[in-house]
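The structure under discussion appears below in the form of structure tokens.
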Amino acid sequence: MPATPTAVPPFLPGRPTSTQEAWVEDLCRHLFVSFNRADHHLKGEQYLRGLLTAPGRKSIRNIARTLDDTGAAQRLHHFVCNAPWNWRTVREALADYLLALTRPRSWVVRPMLIPKSGTNSVGVHRHFVPATGQLVNGQLAYGLWYAGQSLNVPVDWRLHLQPPAGGLPVPDDDGVPQILELVRRAANAAPGAAAPVVWDSQMRHAGEVMSALAPLGLPVMARTPGSLPLQLLDRSGRPTRRGALPAQRILAAPERLGLQVHDVAPGVRAVLARVVPVRPGVSGEGGASGEAGELMLYAQRYEDPEGREGHDGRHGAGPRADFWLTTPTRRSPVDLHQFTRTAANVARDSVRIGGRTGLRDFEGRSYEGWHRHMTLASAAYAVQSLTALDAVRAERGPHQRLHALPRPYSHIPAQPSPASRERTGGPPLSLAG
């Protein structure tokens, strides 16, 4: 049977017409257009509002307390964990909504570790954290973020599931399958010129993975360890005689290698070089991996002795370096630096805004429930980000808004966005499975 038109709650004239209310109303009208039942639309809006207003952890129980209804917790639990609504479709609608506002500068893929004290929640197992060299009990998720000039919002998620029974944590497990799937979805997210994907997760196998993505024709920039061995190429594309060098040695003495140093920002110096990743355990001119193909190394050093905000949102003293592999590009080092700053903004906001909208707060055992919660938490993240951005623009004057506010409470059956209508071929943005 064909789906019935979306049923939406009636206009309630007593509600305050705040900026946040306007965004909530407009976003719900677009996100829940696929819902066939009025009570699903109502519970979706209640859950979204609860994520924005409930104090403390955004558990279902705390969200239900905002409704002053003794039966709300059970109904919301059923809505998130068992009700037959498609979270993939809602995620597509969220991405289309943002694309209709403005095109992204880039798509950012990054991991998010969610520590857990117990083992009952879905996807909880021990994960190796390279930064600390420790095993941490929790969930590991990978997110795809829409990243604009002043706005970033998560639009899709992958949950790293537990290894087979009896299997031990594998330190070399980079989450490659999850990230590959997210990048492929980004390739089909918007028509026209492809926005680059900034892959903010240190990958030991970045060269091979980027080679696998080459048929998509999507610009990719991936963080890589400074210890990664690389073969420098000369202007004609031939390997130099210096043999394989770690990325950190290339950045330490670029002038000796004939590389130009660029001042890309105050206190930030960078080099850009043509390279080929070297197979593990192989050195010398013959060690270049034919599978990976030619890439670009973008390496930057922060020379601010007073300390600066790192890519993870924390401050630290002394110089620090970042190393990235990119697909061949004509972009300037300044442009590439801006992409790394976008990734840093996502890392910062995923903690600051994500903590206020429940990205790390789902406590259930249901895989589908986790995905539905993350979908609605991403929508709450969008509302909070858009509201905060409007407040900044309002302080600068009435003509400095990023977007015109949506018409509050104008419940009109939503039409597919231009981005959705123009998207042709390929899988949808939202992940399957």
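Bear in mind these aren't lab numbers, they're just calculated from the coordinates by the rules spelled out. Worth saying up front: this structure is predicted, and the values here are computed from it rather than measured. Cβ atoms come from the backbone with ideal geometry, glycine included; neighbour counts cover every protein chain shown.
Hey, can you grab everything whose amide H is under 5 Å from the amide H of Thr329? Only 5+ residues off in sequence or another chain; H modelled, so Pro and N-termini drop out.
Under 5 Å from the amide H of Thr329 lies no amide H from a residue far enough along the sequence or on another chain.
Take peptides 82-90, 98-106, 258-266 and line them up by average Cβ neighbours within 10 Å, highest first, as a rough protection proxy.
Those peptides, ordered most packed to least, come out 98-106, 82-90, 258-266.
Can you compute the modelled spin-label distance between Glu368 and Thr53, with each label point 7 Å from Cα toward Cβ, in nm?
2.9
Report, largest value first, the span of the C-alpha coordinates of the stretch 45-111 along each principal axis, in whole Å.
44, 28, 25
Can you give the extra length, in nm with one decimal, that the chain gains between Val351 and Val392 once fully stretched, where that is 0.36 nm per residue apart less the Cα-Cα distance?
This chain segment gains 12.8 nm when fully extended.
Report the gain in length on full extension from Asn137 to Leu161: 0.36 nm times residue separation, minus Cα-Cα distance, nm rounded to one decimal.
Full extension of this stretch gives 7.4 nm more.
In a shell of Cβ-Cβ distance under 15 Å around Gly118, excluding Gly118 itself, what net charge do Lys and Arg (+1) and Asp and Glu (-1) give?
Residues close to Gly118 contribute a combined charge of +3.
Quickly work out the Val334-to-Asn86 label distance, labels modelled 7 Å from Cα along the C-beta direction, and quote it in nm with one decimal.
In this crude label model, Asn86 to Val334 measures out at 4.6 nm.
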